[in-house]
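One structure is given here, and the rest of the page talks about it.
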Amino acid sequence: MSTAPLVTVFTPTYNRAHTLHRVFDSLRAQTLSDFEWLVIDDGSDDKTQELIKVWNRSSNFPIRYFWQERAGKHAAHNRALREARGYFFACVDSDDALAPSALEKLTSLWNSIPEQERLTFYAVAGLCCDQNGKIVGDCFPTDPFDADSRELTYVHHINGEKWGFGLTGVLRRHPFPNIPGADFIPEGIVWSSVAKNFKMRWTNEVVRTYYINDRETGPTLSRRASLGDHGLGRWHYYTWLLNNDLEYFFSSPIPFLKAAVILPILAHFAEQSLGATLRSLNSVAAKALVLSALPVSFGLYTFDRMRNRPRAISPKR
């Protein structure tokens, strides 16, 4: 049997044969070689499989490829956790790239955590830059900086793209929920869930290139045409958010006000009644927040429908 790698680098992909080379090339340049690349192909019908076969013949690191029927990134993530052999688990999207020393830097960052404290940590992460080298998101006030991901957002108000890896064993205990019919579930539901029990160590070192407004990348899940896109999964996420993180309302009200406004709209698109939505909320405070936001929800929904209304086609003359 081969020795298990230190890191499993997981890439979910769907028809990204034209950008996947970014991940592969950046992995070939890594200064730490103790990793495997696990590619979960979520139903691609382009040349992804052929590309992986070619790379596998020349790669200096193991590549494991799995094709599955289209089920969404969250399902690919759960599959990857079942298949992962590494002690650490990292997700690199199919249109991104890593800095050459990313895995080495994060390994050193993990080793910098005092051994007697490591049981309270599960991950390490650093900053991201865009394809022009500009930092994407906020930097940390100190380096290193220790905080769980909920504290990072709600208490310290540090936002923007970050990237790192976490303990595979911990992440396996916090998979994405299985929601029949949902094709996308926001990742925050996983990171906030883990944050209830574990901290992270953060660094101001840049470890990932995040491509923004890139023609080669094309459309992504973060670029929604309508408020109702991926309604069921997002409805579940915002319900979870109001049920689990509302204790941070007074230190960071905006995420919860946004959730209260968007939840009735998502309920409509997810075919969930307002009554069912209110019953899914555990606290009186969460229910009151949603009810008080209904006028704004209605106005936003009306605007969204008008913006996305099919335009009449003028007859040719």
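Descriptive notes on the structure:
- Charge tally for Leu81 (other residues, Cβ to Cβ under 10 Å; Lys, Arg +1; Asp, Glu -1): +3.
- Gap separating the Cα centres of the range 171-216 and the range 44-99, nearest whole Å: 16
- Length gained on full extension, Leu278 to Ser108: 56.6 nm, using 0.36 nm per residue less the C-alpha separation.
- Each label was represented as a point 7 Å from its Cα along the Cα-to-Cβ direction; for Ala4 and Phe145 these points are 3.2 nm apart.
- Dipole check for the range 1-104: with +1 at the C-beta of Lys and Arg, -1 at the C-beta of Asp and Glu, and the Cα centre as origin, the magnitude is about 200 Debye.
- The chain - charge dipole about Cα centre, Lys and Arg +1 at Cβ, Asp and Glu -1, debye rounded to 20: 1020
- Here the range 231-307 is treated with +1 on each Lys and Arg Cβ and -1 on each Asp and Glu Cβ, and its dipole about the Cα centre works out to around 160 debye.
- Translational diffusion of the chain was estimated from the Stokes-Einstein equation, with Rh taken as the Kirkwood radius over Cα pairs; at 37 °C and 0.692 mPa s the coefficient is 155 µm²/s.
- Counting only DSSP H runs of at least 4 residues, each contributing -39500 (n - 2.57), and dividing by the residue count of the chain, the helix-based mean residue ellipticity at 222 nm comes to -11000 deg cm²/dmol.
- Positive dipole terminus of the range 8-135, leading residue within Val124, Phe89, Ser112 (C-beta point charges): Phe89
- Largest to smallest principal axis extent of the C-alpha atoms in the range 111-160, angstrom: 40, 24, 17
- Taking every alpha-carbon pair within the range 231-307, the share separated by more than 13 Å comes to 63 percent.
- Cα coordinate range in the range 114-254, projected on the principal axes (Å, largest first): 46, 39, 33
- Figure legend: label point modelled 7 angstrom from the Cα of Arg118 along Cα→Cβ; residues of the range 90-105 with amide N under 19 Å from it are 90, 103-105.
- Semi-axes of the equivalent ellipsoid for the range 1-52, computed as √(5λ) from the eigenvalues of its C-alpha gyration tensor and ordered from largest down, come to 22, 13, 8 Å.
- Within the shell of other residues whose beta carbon sits under 14 angstrom from the beta carbon of Tyr154, the net charge comes to -2, with Lys and Arg scored +1 and Asp and Glu -1.
- Positive end of the dipole of the range 7-209 (Cβ unit charges, origin at the Cα centre): among Thr13, Phe66, Ala102, the Cα lying farthest that way belongs to Phe66.
- Stretching the chain fully between Phe303 and Asp25 yields a gain of 95.7 nm (0.36 nm per residue, less the alpha carbon separation).
- Counting every pair of alpha carbons in the range 1-140, the share spaced more than 25 Å apart comes to 29 percent.
- Distance violations [Cα-Cα > 20 Å] among Lys73/Lys162; Lys134/Lys258; Lys53/Lys105; Lys73/Lys105: Lys134/Lys258; Lys53/Lys105; Lys73/Lys105
Coordinate-derived values only; no laboratory data. Because the structure is predicted, anything quoted here is derived from the model rather than measured. Counting neighbours? That spans all protein chains shown, and the Cβs are built from the backbone with ideal geometry, glycine included.
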